[in-house]
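The next block holds one structure in the form of structure tokens; read it before the comments.
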Number of protein chains: 2
Amino acid sequence: MTSIQDIAKKAGVSISTVSRTLNNYPDVGQKTREKILKIAEEMNYFPNAVARSLVQKKTFTIGMFFGNNMNLGFDHPFFLDVISAVREVVGNAGYDLLVFTNKNKNRSTYTTLCRERSVDGVLMLLTGEGKKKNEQMLELQSSGIPCVAIDIPLVGDKCTYVESDNYTGASDAVKHLVELGHRKIGFIGGDEISKTSYDRMRGYQDTLIEKGVGVRPEYIQLGHFSSEKASKATRKLMKDNPEITAFFVVSDEMACAVMDTLQELGFRVPEDISLVGFDDIKEAVHYSPPLTTIKQMKYEIGSEAAKILLQIINDKSFHPEPKTLPCELVVRKSTAHKVD
Amino acid sequence: MTSIQDIAKKAGVSISTVSRTLNNYPDVGQKTREKILKIAEEMNYFPNAVARSLVQKKTFTIGMFFGNNMNLGFDHPFFLDVISAVREVVGNAGYDLLVFTNKNKNRSTYTTLCRERSVDGVLMLLTGEGKKKNEQMLELQSSGIPCVAIDIPLVGDKCTYVESDNYTGASDAVKHLVELGHRKIGFIGGDEISKTSYDRMRGYQDTLIEKGVGVRPEYIQLGHFSSEKASKATRKLMKDNPEITAFFVVSDEMACAVMDTLQELGFRVPEDISLVGFDDIKEAVHYSPPLTTIKQMKYEIGSEAAKILLQIINDKSFHPEPKTLPCELVVRKSTAHKVD
DNA sequence: ACGATTACCAAAAACGTTTTCGTAAATCGA
DNA sequence: TCGATTTACGAAAACGTTTTTGGTAATCGT
């Protein structure tokens, strides 16, 4: 609570001199500098970031919209890793992280929240319906606020996104399946709006065609990234199409539910039915059987997003471009050769 | 970027009138109020939180020290749930969350960081060596900054902590084991400094004595919440004491490593050796066999911590007390009757 | 020795609010 | 109608910095 003024008074100098000393400006005399520094130490002074921000118009905080707007209290397993990464890189750059949580302001949007708090940039890390590119997203996109989203296709002068190569990932998943001899491959997707879901679906379809296996619309269901819906979809699919011998499910969480459901239904995985997921969440390796899946580089996604954001913030001439990171097929025990 | 001044000018009134209007003060005339509101809407004004904070000395942000200081990039599975809870309750109260990450300030402590940012309160959610009650913790404890820690015994006028009932939890774990007929029960603990570790160890020892089974120091090893160390400890324990028929391991992460190691060593779980963990992380239920463990109420821990903190902040006369939340034994498949 | 630079520092503006104080006009009570 | 409230508003201080401007004294080059 000791201010720059207190120091100035005690040192017998002006506040401007104190400010310059504290900020290592060159134009302050040797002895005055030392005196001021000593007094500051004694009074254990530390600057008030709020006051500083007010005049500098820079807060050294980067904002973060995080999680599922609808379904709070549930957060994606994905998040912990990307947040870790984000923390690491923004922290090293001298920034703190402001997680928007305030729910008292009803009449506000992403953009106005950012402006109110004067964050220097913002990271969008949303799931569920938040992925919908709605009005608020558009507003943010064109607001001029430095912004990078994860898995949401925002593009603008100060705005971009990073994602996994979902198309290729999905493609690799079904390639793996057809190479194991599978031809009747069910698909449990996400939703109909998110780019992520769309790309994975396209990867599935295109590869099926490319491999000479046809696409059968009746093999396709949407699970909306919900375990319950995925379970329901599985029952329907197996009931209507008992000839199916493999599933590609676009998230590990859903894939786990699918596996449970399949086993409840009396099918063995992978002997009767093969299963590949997407994400490579921690649980995947410990499932029984351990889940074959497409691994997303979560940590890299977070750190890339953060790096790009910092660059947008600090280099005015930088024009950001979307970044796509590779996925990787990791084969475990939930997939096997088709037997006849 | 439109300020209160702009509105004042356009409306032909003073800034104080604008401010009062915007803050719903009673003493402003009907027509002027409406005019001002309309203009504010048109110019799509929103207040500058930084400026407001400066004068009000209140930021409506609560700070958060989070994770493992040493070992960044790895965050405890525990965290996601308690953060979800924290977000929920502070958000509903109108606060945002500032996660401290800035690593550029070397000469700073928890306390000074909080003061610089002028957070209204702070949540300590640390693991690893951060749990050590060091100088910085003491400083924070007596700083007068509203503070609640999780699993770290801080107590002060504006400072307290919440934790699980680790003693009873541990006690329940070994009770379960001895009720299954086990007498030679190995223990893999945490560290020697944290209260959490200490309480669980005491629960183990006391219950053993209470049940008439002796405590054997050679059955006790420390794993420091690290999978590798837990694995090593397991090997040592089984080599030196092959008569052991059960383990109580004080974290699920370590318990998983112990299970893997045991299986590598050729033991079957639970047929040869029973195993109970602590935490009930998500993976626990999917391990093979599914892990019997002591469940911590992670969400409640987070929400309790947040609620207490808000009360400290908003009720000056409130004197906080430590809060202990119950654990619960959840029996799965990693424990079984001892066979001879 | 004289003008020009340089080194040091103070004064004051600025950032965008909230809040205190004061006061003119309007209303009120009798 | 007159004093006393009340109502509605403006002026200005305050919050704690950074930054701009300017000025004095010392130093320098020639």
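Restricting attention to the stretch A:1-35, and to residues there that are more than 7 Å from DNA strand C (Cβ to nearest atom) and in contact with a Lys or Arg (Cβ under 6 Å, 6 or more places away or on another chain), which single residue is farthest from B:CYS114 (Cα to Cα)? For the stretch A:1-35, the residue satisfying everything is A:ALA11. Being open to solvent by 50 Å² or more (accessible area, probe 1.4 Å) and in contact (Cβ under 8 Å) with a residue 24 or more places away in the chain is a property that B:VAL119 lacks.
Scanning the stretch B:16-42 for residues that are within 6 Å of DNA strand D (Cβ to nearest atom), of a type in the set (Val, Ile, Thr) and part of a helix (DSSP H, G or I) yields a count of 2. Do we have any residue at all in the stretch B:302-313 that's touching a residue at least 24 places away in the same chain (Cβ under 8 Å) and among the hydroxyl-bearing types (Ser, Thr, Tyr)? Yes, the stretch B:302-313 has at least one match. Return yes or no: is B:LEU54 more than 24 Å from B:ALA306 (Cβ to Cβ), in contact with a Leu (Cβ under 9 Å, 6 or more places away or on another chain), at the interface with chain A (Cβ under 10 Å from one of its Cβ atoms) and part of a helix (DSSP H, G or I)? Against the criterion (more than 24 Å from B:ALA306 (Cβ to Cβ), in contact with a Leu (Cβ under 9 Å, 6 or more places away or on another chain), at the interface with chain A (Cβ under 10 Å from one of its Cβ atoms) and part of a helix (DSSP H, G or I)), B:LEU54 qualifies. If you go through the stretch A:159-194 and keep only what is among the hydroxyl-bearing types (Ser, Thr, Tyr) and without any contact (Cβ under 8 Å) to a residue 60 or more places away in the chain, you end up with A:TYR167, A:SER171. The residues in the stretch B:165-182 that are among the acidic types (Asp, Glu) and in contact with a Ser or Thr (Cβ under 9 Å, 6 or more places away or on another chain) can be counted, and the count is 2.
Being under 25 Å from B:LEU54 (Cα atoms) and aliphatic (A, V, I, L, M): is that true of A:VAL28 here? So A:VAL28 does not fit the description; no. On inspection, A:PRO320 does not qualify as modelled with pLDDT under 95 and in contact with a helix residue (DSSP H, G or I) (Cβ under 9 Å, 6 or more places away or on another chain). If the condition is being in contact with a Lys or Arg (Cβ under 9 Å, 6 or more places away or on another chain), more than 8 Å from DNA strand C (Cβ to nearest atom) and open to solvent by less than 40 Å² (accessible area, probe 1.4 Å), then the stretch B:37-59 contributes B:ILE39, B:ALA49, B:THR59. Counting only strands (runs of 3 or more DSSP E) that sit completely within the stretch A:245-338, those holding 1 or more residues that are touching a Leu at 6+ places or on another chain (Cβ under 6 Å) and aromatic (Phe, Trp, Tyr) correspond to A:246-249. Whether a residue is more than 10 Å from every other protein chain (Cβ to nearest Cβ), outside any loop (DSSP other than H, G, I, E, B) and more than 16 Å from DNA strand D (Cβ to nearest atom) was assessed, and B:VAL82 passes this test.
Taking the stretch A:94-124 on its own, how many of its residues are out of contact with any Lys or Arg (no Cβ under 9 Å at 6 or more places or on another chain) and within 21 Å of A:CYS159 (Cα to Cα)? Counting residues in the stretch A:94-124 that are out of contact with any Lys or Arg (no Cβ under 9 Å at 6 or more places or on another chain) and within 21 Å of A:CYS159 (Cα to Cα) gives 12.
Screening A:LEU329, A:LEU325 for residues that are touching a strand residue (DSSP E or B) at 6+ places or on another chain (Cβ under 7 Å), open to solvent by less than 20 Å² (accessible area, probe 1.4 Å) and in contact (Cβ under 8 Å) with a residue 40 or more places away in the chain leaves exactly one candidate, A:LEU325. Looking only at residues of the stretch B:220-253 that are aliphatic (A, V, I, L, M) and farther than 27 Å from A:LYS282 by Cβ, we find that the one that is least open to solvent (accessible area, probe 1.4 Å) is B:ILE244.
For the stretch B:61-79, state whether one or more residues are outside the structural domain of B:PHE278 (by TED's automatic domain parsing), over 30 Å from B:GLN296 (Cβ atoms), open to solvent by 80 Å² or more (accessible area, probe 1.4 Å) and more than 11 Å from DNA strand D (Cβ to nearest atom). Within the stretch B:61-79, none of the residues are outside the structural domain of B:PHE278 (by TED's automatic domain parsing), over 30 Å from B:GLN296 (Cβ atoms), open to solvent by 80 Å² or more (accessible area, probe 1.4 Å) and more than 11 Å from DNA strand D (Cβ to nearest atom). In the set (1) at pLDDT 95 or above; (2) within 14 Å of another protein chain (Cβ to nearest Cβ); (3) open to solvent by less than 10 Å² (accessible area, probe 1.4 Å), A:THR207 fails one condition alone, (2). Condition check for A:THR112 on (1) free of Cβ contacts under 8 Å to residues at least 60 places away in the same chain; (2) part of a helix (DSSP H, G or I); (3) within 30 Å of B:GLU300 (Cα to Cα): one failure, at (3). Of all the criteria given as (1) over 22 Å from B:LEU309 (Cα atoms); (2) modelled with pLDDT of 95 or more, the one not satisfied by B:MET70 is (2). Per the listing B:LYS57, B:LYS31, the residue uniquely more than 16 Å from A:GLY91 (Cβ to Cβ) and under 32 Å from the mean Cα position of the chain (by Cα) is B:LYS57.
Here B:ASN106 meets the list (1) within 16 Å of DNA strand D (Cβ to nearest atom); (2) surrounded by fewer than 13 Cβ atoms within 10 Å (Cβ to Cβ) almost entirely, failing just condition (1). Close Cβ contacts (under 6 Å, 6 or more residues apart or on different chains) running from residues in the stretch A:30-50 that are small (Gly, Ala, Ser) to residues that are within 13 Å of DNA strand C (Cβ to nearest atom) comprise A:ALA40/A:ILE7. The residue list B:VAL213, B:VAL250 contains one member that is under 23 Å from A:LEU80 (Cβ atoms), touching a Lys or Arg at 6+ places or on another chain (Cβ under 7 Å) and β-branched (Val, Ile, Thr), which is B:VAL250. Does the stretch B:113-128 include one or more residues that are under 27 Å from B:LYS195 (Cα atoms) and within 7 Å of chain A (Cβ to nearest Cβ)? No, the stretch B:113-128 has no match at all. If you go through the stretch B:254-278 and keep only what is away from chain A (no Cβ under 11 Å), touching a strand residue (DSSP E or B) at 6+ places or on another chain (Cβ under 7 Å) and open to solvent by less than 10 Å² (accessible area, probe 1.4 Å), you end up with B:MET254, B:ALA255, B:VAL258, B:ILE273, B:SER274, B:LEU275, B:VAL276, B:GLY277, B:PHE278. Determine which single condition B:PHE46 fails, assuming it passes every other condition in (1) more than 9 Å from chain A (Cβ to nearest Cβ); (2) within 30 Å of B:GLY12 (Cα to Cα); (3) assigned to a loop (DSSP other than H, G, I, E, B). Only one criterion in (1) more than 9 Å from chain A (Cβ to nearest Cβ); (2) within 30 Å of B:GLY12 (Cα to Cα); (3) assigned to a loop (DSSP other than H, G, I, E, B) is unmet by B:PHE46, namely (1). Against the condition of a type outside the set (S, T, N, Q), out of contact with any strand residue (DSSP E or B) (no Cβ under 6 Å at 6 or more places or on another chain) and at pLDDT 95 or above, how does A:GLU129 come out, does it pass? Judged against the criteria, A:GLU129 is not a match. Of the residues making up the stretch A:283-297, those that are under 15 Å from A:GLN263 (Cβ atoms) and of a type in the set (Ser, Thr, Tyr) are A:TYR287, A:SER288. On the basis of being in contact with a Ser or Thr (Cβ under 6 Å, 6 or more places away or on another chain), open to solvent by 30 Å² or more (accessible area, probe 1.4 Å) and without any contact (Cβ under 8 Å) to a residue 60 or more places away in the chain, does A:GLU139 make the cut? In short, yes.
The values are calculated or read from the model by the stated rules, or taken from the named source; none is laboratory data. Just so you know, these numbers come straight off a predicted model, no measurement behind them. Ideal geometry is used to build each Cβ from the backbone, glycine not excepted, and the neighbour counts take in all protein chains shown. Areas reflect the complete protein model, heavy atoms only, side chains present, ligands, DNA and RNA absent. Shrake-Rupley method; radii C 1.70, N 1.55, O 1.52, S 1.80 Å.
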